[in-house]
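The next block holds one structure in the form of structure tokens; read it before the comments.
The values are calculated or read from the model by the stated rules, or taken from the named source; none is laboratory data. These figures come from a predicted structure and were not determined experimentally. When we count neighbours, we look across all protein chains shown, and the Cβ atoms used for this are built from the backbone with ideal geometry, even at glycine.
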Amino acid sequence: MRRPKYSVSQQIESLKSHGVTFNLYTEADAQEFLTSRTYFFKLKAFENNFERDNGRYRGLDFAYLADLSTIDCHLRTLLSYLCLNLEHALKVRFNQLIMEDANEDGYNIVHNFDEAGEFSFHGDYANSRYHHSNYTEGLLNKYFEDPSIWNLWEVIDFSTLCKLYKAYLNQRSYKDNATNLFQSIRIMRNASSHNNCLMIGIEKQIKPTLYVKNCVKELNHGENPKQLFDAFRTYPLTHDFAATICGFLILVDSPGVRNTAKLKTQDFLHRLTKRYDYSAMSYQDCPKLIETINALQSICKMAIDYFGPFAVWCGWVCQVVTVLRSSLPQV
């Protein structure tokens, strides 16, 4: 059934009818927020963090919806930075392996992966895998009649890059434990790139990736963070965020990039509770929100000490990082 279009005033009345209060945020300010800073459908997604009684939310003020939408934006910004640099680092690692492989010329891997020639380009954008762009046109026209791996990974999506990398590892009987993180990283990369809402109280029973749990345990100084692992099993965002953090730590070596990641993570950690202490709210009103916030805080705090340049770390930290980075390909 189609739903009617609401004016901003009607949107506010709809929120009030579902139990949303305006004690911490005036209705006039809410009108401005829904007019110039976000839109109704996107803001409503954050309602799912709160429980209902007879169709009315418990303990939900409009101020929390506005704050969560801002926190969510900060989370997507952090994830975008992590994922873009992580993707570049994966290409660097891939390149290192190929350059050291006397039996790989950069073309064989593409031919073995793409036996049907779907990634070849002959000037016909309408019937190819590629979109027309001023930034890729020259590359496609010059190299893509018979592309090498170095050409191909400049225009493919992250999912295809991961498949190519794993195909190469299989051909050479290499093992890289970082591949266990690719699925979660891909989900976070795509969600942040497409501006999807992330902190919307998604509760779903999943089986956490064992490698994610092992990495997080090392970040936690070898202790088993049971409460965090419980969140992994119940809230996919907490698991996928942890996997992305671990993937970044494993793949990215640049001291400058890592230090910026540290600063961005610190900023996000501060923003989580800048306006409201969600952890202190009634658990009966918003259990999903409380557990998600607590998990995100724990992951950020664990990771911050590991983002700095290797040279400034103390000995025991380097030993832990060695365990994390033991995912380097092994014959």
note = Scanning the stretch 77-123 for residues that are within 30 Å of Asp29 (Cβ to Cβ) and either surrounded by fewer than 19 Cβ atoms within 10 Å (Cβ to Cβ) or at pLDDT below 95 (or both) gives Thr77, Ser80
query = Name the pairs: first residue in the stretch 8-25 and on the phi > 0 side of the Ramachandran plot, second residue aliphatic (A, V, I, L, M), Cβ to Cβ under 8 Å, at least 6 apart or on different chains?
reply = Gly19/Leu60
ask   = Failed condition for His122, given (1) in a loop (DSSP other than H, G, I, E, B); (2) touching a Lys or Arg at 6+ places or on another chain (Cβ under 9 Å), with all others met?
value = (2)
query = Which of the residues that make up the stretch 8-38 are assigned to a loop (DSSP other than H, G, I, E, B) and either surrounded by 12 or more Cβ atoms within 10 Å (Cβ to Cβ) or touching an Asp or Glu at 6+ places or on another chain (Cβ under 9 Å) (or both)?
reply = His18, Gly19, Val20, Phe22, Asn23, Leu24, Tyr25, Thr26, Thr38
request  = Would you please name the residue that is farthest from Asp285 (Cα to Cα), looking only at residues in the stretch 31-56 that are touching a strand residue (DSSP E or B) at 6+ places or on another chain (Cβ under 9 Å) and not hydrophobic (A, V, I, L, M, F, W, C)?
outcome  = Glu47
task = Could you tell me whether any residue of the stretch 59-75 is out of contact with any helix residue (DSSP H, G or I) (no Cβ under 7 Å at 6 or more places or on another chain), touching a residue at least 12 places away in the same chain (Cβ under 8 Å) and within 30 Å of Val252 (Cβ to Cβ)?
result = yes
